[in-house]
Amino acid sequence: MKIADMNWAQLEAYLARDDRVVLPVGSTEQHAGLSLCTDHILAERVSVEAAEPLGVPVYPGLPFGMTPYFMAYPGTVSLTPQTYSGLIRDLLDSLAAHGFRRVLIVNGHGGNTSVKSAIADWCAGKPGVAVKFHNWWNAPATWQAVQATDPVASHASWMENFPWTRLAGVDYPEHQKPMLDTSQLRSMNPHGVREHIGDGNFGGRYRASDRAMLAIWSVAVEETRAMISGGW
């Protein structure tokens, strides 16, 4: 259930019986022909669908992350590591203050992963509070489903082209883009990154069938739900 659909008294009643909560985090950055908010849209949606049958509240997704390498693409917004880690700490402080003791952060953007060290440091000072960080798109079962569909999958390729990240009026190429060497991206300046990767797709087809994408999505939802349910 979405926090947006609850009032404070309802949340207080929930906390009297459960202490789990989900916090989606993503990014606003180039995704070739897909929505700039692809990472945000997917992290929030998979969180809501996974948590709904469990009755666990889901906060609005954090739409900004760390993505300095894409700043040559209009619309991208990037936070510094200091700002981002401080923001995550403040969010966790607020959640813990209200009595949440099991927090699942569902991440939709690879560039955010480095914040895990700041989360571990925060947890060290908060005995009794557990925080799990879940990269939904490359979690074992979901990634296996992606690879079984097409092993050539990457940022802004078919694997992120869902009905809810696709844009009306945009034509998606039919060919498979050769996989780029992205090992040096983080050592390039943003203009060098744009020159190197062009439209933004790192490699792979631009679109798969909706049937294939919905099958992958079902796996992702179930895997995320399992993270909420157990392993605390």
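The values are calculated or read from the model by the stated rules, or taken from the named source; none is laboratory data. Predicted, not measured: the structure shown is a model, and the values here were computed from it. So basically every Cβ, Gly included, is an ideal-geometry build from the backbone, and we count neighbours across all protein chains shown.
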(message) Pull out all pairs, ordered by first then second residue, where Cβ-Cβ is under 7 Å, the residues are six or more apart or on different chains, the first lies in region 176-205 and is among the acidic types (Asp, Glu) and in a loop (DSSP other than H, G, I, E, B), and the second is surrounded by 18 or more Cβ atoms within 10 Å (Cβ to Cβ) and at pLDDT 95 or above.
(response) ASP199/ALA32
(message) Restricting to region 37-50, name every residue that is in a helix (DSSP H, G or I) and of a type in the set (A, V, I, L, M, F, W, C).
(response) ILE41, LEU42, ALA43, VAL46, VAL48, ALA50
(request) Please indicate, with yes or no, whether at least one residue in region 51-64 is outside any loop (DSSP other than H, G, I, E, B) and either within 28 Å of ILE197 (Cβ to Cβ) or in contact with a Phe, Trp or Tyr (Cβ under 8 Å, 6 or more places away or on another chain) (or both). (result) yes
(request) Just give me the residues in region 94-137 being outside any strand (DSSP E or B) and of a type in the set (S, T, N, Q), in sequence order. (result) SER94, ASN112, THR113, SER114, SER117
(message) On the basis of being touching a residue at least 60 places away in the same chain (Cβ under 8 Å), of a type outside the set (D, E, K, R) and part of a loop (DSSP other than H, G, I, E, B), does ALA156 make the cut?
(response) yes
(request) Taking the residues in region 185-232 that are under 19 Å from TRP137 (Cβ atoms) and among the hydroxyl-bearing types (Ser, Thr, Tyr) as candidates, determine which candidate is nearest to the chain's Cα centre (by Cα). (result) THR224
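Might you check whether a residue that is in a loop (DSSP other than H, G, I, E, B), under 22 Å from the mean Cα position of the chain (by Cα), within 22 Å of LEU34 (Cβ to Cβ) and among the aromatic types (Phe, Trp, Tyr) occurs anywhere in region 142-151? Reasoning before the result, please.
Restricting attention to region 142-151, the residues satisfying the condition of being in a loop (DSSP other than H, G, I, E, B) are 150-151.
Now drop any that are not under 22 Å from the mean Cα position of the chain (by Cα), which leaves 150-151.
Of the ones still in play, those that are also within 22 Å of LEU34 (Cβ to Cβ) are 150-151.
Cutting the leftovers down to among the aromatic types (Phe, Trp, Tyr) gives us none.
Checking region 142-151: not a single residue is in a loop (DSSP other than H, G, I, E, B), under 22 Å from the mean Cα position of the chain (by Cα), within 22 Å of LEU34 (Cβ to Cβ) and among the aromatic types (Phe, Trp, Tyr).
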(request) Look at VAL170 and say whether it is surrounded by fewer than 14 Cβ atoms within 10 Å (Cβ to Cβ) and over 21 Å from the mean Cα position of the chain (by Cα). (result) yes
(message) Give all pairs with beta carbons closer than 6 Å in which a residue from region 1-16 that is within 13 Å of VAL56 (Cβ to Cβ) meets a residue that is modelled with pLDDT of 95 or more and among the β-branched types (Val, Ile, Thr); count only pairs at least 6 apart in sequence or on separate chains.
(response) LYS2/VAL58
(message) Residue under question is TRP122, and the condition is that it be more than 13 Å from the chain's Cα centre (by Cα), free of Cβ contacts under 8 Å to residues at least 12 places away in the same chain and surrounded by 17 or more Cβ atoms within 10 Å (Cβ to Cβ); does it hold?
(response) no
